[in-house]
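Where a number appears in this text, it was derived from the coordinates with a stated rule and is not lab data. On a predicted model such as this, the values are computed, not experimentally measured, just so you know. All Cβ positions, glycine included, derive from the backbone under ideal geometry; neighbour counts span all protein chains shown.
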Amino acid sequence: MAEIDRGAPGTASGVRLWAVSITDVRSLFHPTGDLADRLRGDVPFQVLTPSKQSWFKPLLKRDPGAPLLAADSPLPSDVDKLLHGHFVPPDRLVPSWQIVGHWLDRLASANLRLEIDKATAERLDFDLARAGVASHFGLRTLWARDAALPLRPLPGSDVGYQRYAVAVELGEAWRASLPSLEGSADLVEHVSDWLRQLPTWAGDAEGAGRPAPDVFAVTVP
């Protein structure tokens, strides 16, 4: 059982990117065999007290030594719903996305967190356009495709992906724009440096018999 701090995926603002095949992302919701067992055994529960053995366990309805979960922790019932692709009620979306974010961190070749607000994102796209980058290579291109997941986004959040080849082209276009940029250069360089590693990660994935990584993205306001 994994434990994480309260600052879990699904609670921070900005954009999170994962280099992972969309096929692998979708497999989280209908896993079979060893994958299902691994996912079920690797959940970011938030435990308030450590587990201790109890001599009275056979006499009690609840083992007092069992881990006590925080009120906002993911629950075993959340895990069951995700693994079977079932409906997740609105009040369980945040902990459910915590679980999925944790699984993606383990599954992806790499991940990137961008702490940017709406105004920063709009200024970035404006600066890219002034530097000659085509409009179809704006920031939102990275999550323009519908991920078609059974888990709904959080209110105000976007969930999507971009195919490997397009993400590579976007990174190259951003990198080429750097000499002409009049603003957002640090952010453009940071993201393009991450995207330019996609071919290396694709080679690693091929060697492991896995598909090339797409870019999967979740935004949180």
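Given the structure, is Val133 more than 30 Å from Arg40 (Cα to Cα), hydrophobic (A, V, I, L, M, F, W, C) and out of contact with any His (no Cβ under 6 Å at 6 or more places or on another chain)?
Spelling it out, Val133 is indeed more than 30 Å from Arg40 (Cα to Cα), hydrophobic (A, V, I, L, M, F, W, C) and out of contact with any His (no Cβ under 6 Å at 6 or more places or on another chain).
Condition check ((1) surrounded by fewer than 16 Cβ atoms within 10 Å (Cβ to Cβ); (2) touching a residue at least 12 places away in the same chain (Cβ under 8 Å); (3) of a type in the set (Gly, Ala, Ser); (4) touching a helix residue (DSSP H, G or I) at 6+ places or on another chain (Cβ under 9 Å)) across all residues:
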site	(1), (2), (3), (4)
Ser109	no, yes, yes, yes
Ala131	no, yes, yes, yes
Arg152	yes, yes, no, yes
Val159	no, yes, no, yes
Ala165	yes, no, yes, no
Val168	no, yes, no, yes
Ala205	no, yes, yes, no
Ala208	yes, no, yes, no
Val215	no, yes, no, yes
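Report every pair of residues separated by at least 6 positions or lying on different chains whose Cβ atoms are under 7 Å apart, first residue within region 184-202 and free of Cβ contacts under 8 Å to residues at least 60 places away in the same chain, second surrounded by fewer than 14 Cβ atoms within 10 Å (Cβ to Cβ) and assigned to a helix (DSSP H, G or I).
Ala185/Leu178; Glu189/Leu178
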